[in-house]
Amino acid sequence: MKYLKFSLIAVAVIGLNGCLLGGDTGSNGVEGEIGKTGADGQNGSPGVNSLVMQTNLAVGDTDCPNSGVQFDSGIDTDASGSLEISEITNTNYVCVPGVTSVSFTQLLSSLNNDWFIDGAALVSANKNTWLTATSSTGVQSNLPDTQQVTSYSTNSAAQQAALIQQLKGSAKNVILFVGDGMGVSTVTASRILEGQIKGQLGEGNSLSFDRFPFAGLAKTYNVNAQTPDSAGTMTAMVSGVKTDVGVIGVDEDIVRGDCSTVAGNELITALELAELAGKSTGIISTARITHATPAATYAKSADRNWEDISDMPDAAVTAGCKDIAEQLINFEVNLEARFDGVDVNGLEVVFGGGRRHFLPEDAAFNSPDAASNVEGDRTDGRDLTAEWSTTYPAGSYVFDQTGFDAIDTNIATNVFGLFNESHMQYEADRSNDIAGEPSIAEMTRKAIAILDNNPRGFFLSVESGRIDHSHHAGSAYGALTDTIAFSEAIAIADEMTNDEDTLIIVTADHGHVFTIAGYPKRGNPILGKVVGVGQTQATLAADGKPFTTLGYANGRGFQNLGNQITNADAAYAMPIAAGRHDLTDVDTESAGFHQEALVPLTSETHSGEDVGIYAKGPGAFLVNGTNEQHMIYHVMDFASDLTGKANSNL
């Protein structure tokens, strides 16, 4: 690490003033002898003052049009305390960068959006927070030995500004991990469960992303909703703009369900910018790949439910709106149509569920592992998997574990994996899949191995979508085991990449009404009944019945399906059973147990509290404090300079 220090040498001249006091005139003293004159002393060498002068430059300056600081250095030969023009030997500038051009008008809907501007301002504020925290000396680090954070030393505001500018764009790769519905209580309970599975008490365990050096919180509300949905939240994270519930890739001026309001309100996403910048791009989800969270990276839709043409109203089809599945397979051509002269190579990796939205409503097109008599839903007769294969003749379309395993990551160009008719299996239920399907960790490993072949880097979005679904079904077991599997995928990504050039962000789109309650003793099974400190028997509530540590504020409520039922969605076939039940003889730690719920609903709901953001790598320092959710886009854009690199290719 190099430290740049400037020193100014000041010379103080002290003048002595005599004091005159009035009094009697004294008599003359005896005249002394005249002394001998001593030899003249030698003159000392003249001193040299080295000065550095700092001048603030206003907006409009010739050298720094967007303002900045000018540093002049030289020798103060006339000892005037300042540098004359003739004495300056070196001049340097630290200029504030500005937006000098917008190469494509589609960015204007983002750049001129109040949410976008707000997010950019929050990033600037977090830069200052980081600089304040890291510019002092002697700071103690409490990070684990395995986590190293690069520290910087600066001695002036100008040096700090220059350092930040140097850090911009230093991330070659960006990976965004989204745990759908993974609120703070879900992270805590999963951490404890994983620890207890390892034989620990649990509370002191850490998930892989718990060990990331930077963390903060995100406010999840949508523009028109206090408690959000995934469409609005993921749009915010990947475009930098908050928007309404239920719409994808468009701003708040949209009218949900009205196709005519899409045009002019489309947003550009981090994934699209990465594609324009020449990076490789990929999307992974354990949900349907056309579901809200993954779809927000590539689609523009007035309704999140328009996953295929059969889901769309006739008016929207007639007006020319395209379903989300079609937008996915035509991602490359659509992006090139939006920006004149652009030549991109499309998504390199797509892994997820949702085959039904790509296949025609005809049993002849069923996959070998189809769960329904007629797998496809499309009413236009199109087989989009075949169309994708025509577009990418060197690519690989796969639908099961065998096909997935056969992908050669060294030579793969484009891969398209649809591993289930609808969503992929819950992690707890994955072994029961008809043809077998990869885990989220396996998909992450395969994707990075393919994407990393591009020397320009890559952008990868990974969603653990079924955490959310298990919560909706009222199954803590399913949600927590999916979160643990998600943590394993994050660990693999961390292992395969370098902190010097890869930004990894882990977050959630929203939380759930999922609680950790009571006063259980340390090490009490997190899925078990509450047993108090110093006790061996379950604590009884005021109604005389035991209760579990985990529960839901609303939802379908209690089910006792035993260990044989690992599919959380089995609860939807059962009557709603909200309220209290006698759990005395119930194994609440079994895979088929569904927690009690207070308010009876057909499905448990999202919550509106903040969610965690965890980050490491270039730009991760911007994640601190409590943030608006759309700021996550701005962190990724700063770290990889996606906008700047996309502009340079246009």
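One table, with the values for the structure above:
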read-out: Number of the condition not met by Tyr633 [criteria: (1) hydroxyl-bearing (Ser, Thr, Tyr); (2) open to solvent by less than 30 Å² (accessible area, probe 1.4 Å); (3) within 27 Å of Ala479 (Cα to Cα); (4) in contact with a strand residue (DSSP E or B) (Cβ under 9 Å, 6 or more places away or on another chain)]; value: (4)
read-out: Qualifying residues in the stretch 164-217 (those that are in a strand (DSSP E or B) and open to solvent by less than 30 Å² (accessible area, probe 1.4 Å)) - the one nearest to Ser124 (Cα to Cα); value: Gly216
read-out: Helices (runs of 4 or more DSSP H) fully within the stretch 262-341 counting 1 or more residues that are open to solvent by less than 10 Å² (accessible area, probe 1.4 Å) and farther than 23 Å from Gly465 by Cα; value: 270-276, 314-318, 331-338
read-out: In the stretch 397-409, residue nearest to the chain's Cα centre (by Cα) [restricted to those that are open to solvent by less than 40 Å² (accessible area, probe 1.4 Å) and more than 19 Å from Asn366 (Cα to Cα)]; value: Thr409
read-out: Residues of the stretch 218-241 satisfying the condition of being of a type in the set (S, T, N, Q) and open to solvent by 10 Å² or more (accessible area, probe 1.4 Å); value: Asn224, Gln226, Thr227
read-out: Residues within the stretch 552-569 that are small (Gly, Ala, Ser) and without any contact (Cβ under 8 Å) to a residue 40 or more places away in the chain, tallied; value: 1
read-out: Pair list, Cβ < 8 Å and 6+ apart or interchain, from the stretch 600-612 residues that are assigned to a loop (DSSP other than H, G, I, E, B) to residues that are open to solvent by 50 Å² or more (accessible area, probe 1.4 Å) and among the polar types (S, T, N, Q); value: Thr605/Thr227; Gly608/Gln226; Gly608/Thr227; Asp610/Thr626
read-out: Residue in the stretch 462-483 that is open to solvent by 20 Å² or more (accessible area, probe 1.4 Å) and among the basic types (Lys, Arg) present; value: no
read-out: Criterion (in a loop (DSSP other than H, G, I, E, B) and surrounded by fewer than 17 Cβ atoms within 10 Å (Cβ to Cβ)) met by exactly one of Ala370, Ala394, Ala412; value: Ala394
read-out: Hey, Ala225 hydrophobic (A, V, I, L, M, F, W, C), in contact with a Gly (Cβ under 9 Å, 6 or more places away or on another chain) and in contact (Cβ under 8 Å) with a residue 60 or more places away in the chain or not; value: no
read-out: Scan of the stretch 532-575 for residues that are within 23 Å of Val187 (Cβ to Cβ) and outside any helix (DSSP H, G or I), ordered by number; value: Phe547, Thr548, Thr549, Leu550, Gly551, Tyr552, Ala553, Asn554, Gly555, Thr566
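For (1) of a type in the set (A, V, I, L, M, F, W, C); (2) open to solvent by 40 Å² or more (accessible area, probe 1.4 Å); (3) under 21 Å from Ser208 (Cα atoms), each residue gets a yes or a no:
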residue	(1), (2), (3)
Glu495	no, yes, yes
Thr507	no, no, yes
Ile526	yes, no, yes
Ala541	yes, no, no
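The values are calculated or read from the model by the stated rules, or taken from the named source; none is laboratory data. All values reported here derive from a predicted model rather than from experimental measurement. Note that each Cβ is placed from the backbone with ideal geometry, even for glycine, and that neighbours are counted across all protein chains shown. Note: areas computed on protein heavy atoms with side chains; ligands, DNA, RNA excluded. Shrake-Rupley method; radii C 1.70, N 1.55, O 1.52, S 1.80 Å.
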